[in-house]
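A.B. asks: There's a structure below that I have some questions on.
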C-alpha cells in the first residue's frame, strides 16, 4: 500500500524552520519508529519536493519517515549540512514534531550523499547524545572523497563519476576534511548505533559501503549488511543510469522490518 504523505514545517528546529515531507505507512501502530531520512543527490541536489522512493519503502515497513530538507539551510556544504541535520535529529529526539510517542525508536537514514550525512549524524549522536539514536540505515553511502576504490570505476558507465567529483568538491568547500565529513576516514567509530547497510553488486559505491560495514563490525557495532544482486536497478536510487525496472523496493522494506525487530528486542545489536 502506498504510504500517506503530508507536508510539514518543523518550526522550532535550532537551525531554523525546516520543511519536511512525512511518509506514514498504513500499518504503523502504537509507538511507531521514527526515521529521519536525508536525501541523496551528490551534495548538489536540493529539491525538497522530489519523490523519495527510499523514504516510501521504509514507511511501508511501518515507520513514520521524515524526509527533511536539510539542503536549503545548509547549501549542501560541510559542516553546515551536518549541523542542520543534527539539529533536526535533536528536535525529533525531543518529540517536538508531535510524531510518535515516548516508546518510538529513532533512526537516521540516507542514501548516497544523504548516507554520508546520516553516518555523520550517527557519529555526532554518539559523541553528544549517547543512547538516543537507535539505529542508522545507510544505503550506498558516499563516504570516500578520494574515490579510490575498485568499484568506483563503474561510475563512468552509469554517468556518476563527474557528478560525484563535483559533489565532493562542493561539499568540502567549507574547508578541511573532518571525520564527520568523510566517515570512512574516522579513526574512532566504536559505540555508534547499530547499522543496516545496503549496496548492490553493480553499485560503484559497493566497495566503500562494504568497507565501512566491515570497520563497524570490527569496532563492535551491530551491522546487518545486504548486497543486492546486479540488475535490480539499485543505482537509480541516486540518479545513476540503470537498465530495466527497479525491483529493490521490497528488499529495503523487508530488511528494514527485520532490523526493527532486532533493535526492538536487542537494542545493542551484534
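A.B. asks: Looking at the range 140-151, is at least one residue part of a helix (DSSP H, G or I), under 14 Å from residue 209 (Cβ atoms) and out of contact with any strand residue (DSSP E or B) (no Cβ under 7 Å at 6 or more places or on another chain)?
C.D. replies: Looking for residues that are part of a helix (DSSP H, G or I), under 14 Å from residue 209 (Cβ atoms) and out of contact with any strand residue (DSSP E or B) (no Cβ under 7 Å at 6 or more places or on another chain), one finds at least one in the range 140-151, hence yes.
A.B. asks: Quick one: in the range 166-181, of everything that is free of Cβ contacts under 8 Å to residues at least 60 places away in the same chain and in contact with a helix residue (DSSP H, G or I) (Cβ under 9 Å, 6 or more places away or on another chain), which residue is nearest to residue 74 (Cα to Cα)?
C.D. replies: Start the filter on the range 166-181 by keeping residues that are free of Cβ contacts under 8 Å to residues at least 60 places away in the same chain, which leaves 169, 175-177, 179.
Right, trim to in contact with a helix residue (DSSP H, G or I) (Cβ under 9 Å, 6 or more places away or on another chain) and you get 177, 179.
Working: 177: 17, 179: 18 Å.
Among residues in the range 166-181 that are free of Cβ contacts under 8 Å to residues at least 60 places away in the same chain and in contact with a helix residue (DSSP H, G or I) (Cβ under 9 Å, 6 or more places away or on another chain), the one nearest to residue 74 (Cα to Cα) is 177.
A.B. asks: May I ask you to verify whether residue 5 is outside any loop (DSSP other than H, G, I, E, B), modelled with pLDDT of 95 or more and more than 30 Å from residue 161 (Cβ to Cβ)? Even if it seems obvious, please write down each step before you answer.
C.D. replies: On the way: outside any loop (DSSP other than H, G, I, E, B): yes; modelled with pLDDT of 95 or more: no; more than 30 Å from residue 161 (Cβ to Cβ): yes.
Considered against the rule, which asks whether it is outside any loop (DSSP other than H, G, I, E, B), modelled with pLDDT of 95 or more and more than 30 Å from residue 161 (Cβ to Cβ), residue 5 comes out as no.
A.B. asks: Which of the following residues is more than 19 Å from residue 256 (Cα to Cα) and in contact with a helix residue (DSSP H, G or I) (Cβ under 8 Å, 6 or more places away or on another chain): 79, 130? Walk me through it before giving the result.
C.D. replies: On the way: 130 fails: in contact with a helix residue (DSSP H, G or I) (Cβ under 8 Å, 6 or more places away or on another chain).
Answer to the selection: 79.
A.B. asks: Before we move on, is residue 232 outside any helix (DSSP H, G or I), within 30 Å of residue 72 (Cα to Cα) and either modelled with pLDDT of 95 or more or touching a strand residue (DSSP E or B) at 6+ places or on another chain (Cβ under 7 Å) (or both)?
C.D. replies: Details: outside any helix (DSSP H, G or I): yes; within 30 Å of residue 72 (Cα to Cα): no; either modelled with pLDDT of 95 or more or touching a strand residue (DSSP E or B) at 6+ places or on another chain (Cβ under 7 Å) (or both): yes.
The answer is no for residue 232.
A.B. asks: Something else now. So residue 260 ticks every box in (1) in contact with a strand residue (DSSP E or B) (Cβ under 7 Å, 6 or more places away or on another chain); (2) surrounded by 19 or more Cβ atoms within 10 Å (Cβ to Cβ) but one. Which box is left unticked?
C.D. replies: Condition (1) is where residue 260 drops out.
A.B. asks: Report the residue count in the range 49-89 for those that are surrounded by fewer than 18 Cβ atoms within 10 Å (Cβ to Cβ) and either under 14 Å from the mean Cα position of the chain (by Cα) or closer than 13 Å to residue 114 by Cβ (or both).
C.D. replies: Qualifying residue count, the range 49-89: 2.
A.B. asks: Here is a further query. Can you confirm whether the range 47-62 contains a residue that is in contact with a helix residue (DSSP H, G or I) (Cβ under 6 Å, 6 or more places away or on another chain) and free of Cβ contacts under 8 Å to residues at least 40 places away in the same chain?
C.D. replies: Checked the range 47-62: no residue is in contact with a helix residue (DSSP H, G or I) (Cβ under 6 Å, 6 or more places away or on another chain) and free of Cβ contacts under 8 Å to residues at least 40 places away in the same chain.
The values are calculated or read from the model by the stated rules, or taken from the named source; none is laboratory data. From a predicted model like this one, the values you see are computed outputs, not experimental measurements. Glycine gets a Cβ as well: all are built from the backbone with ideal geometry, and neighbour counts include every protein chain shown.
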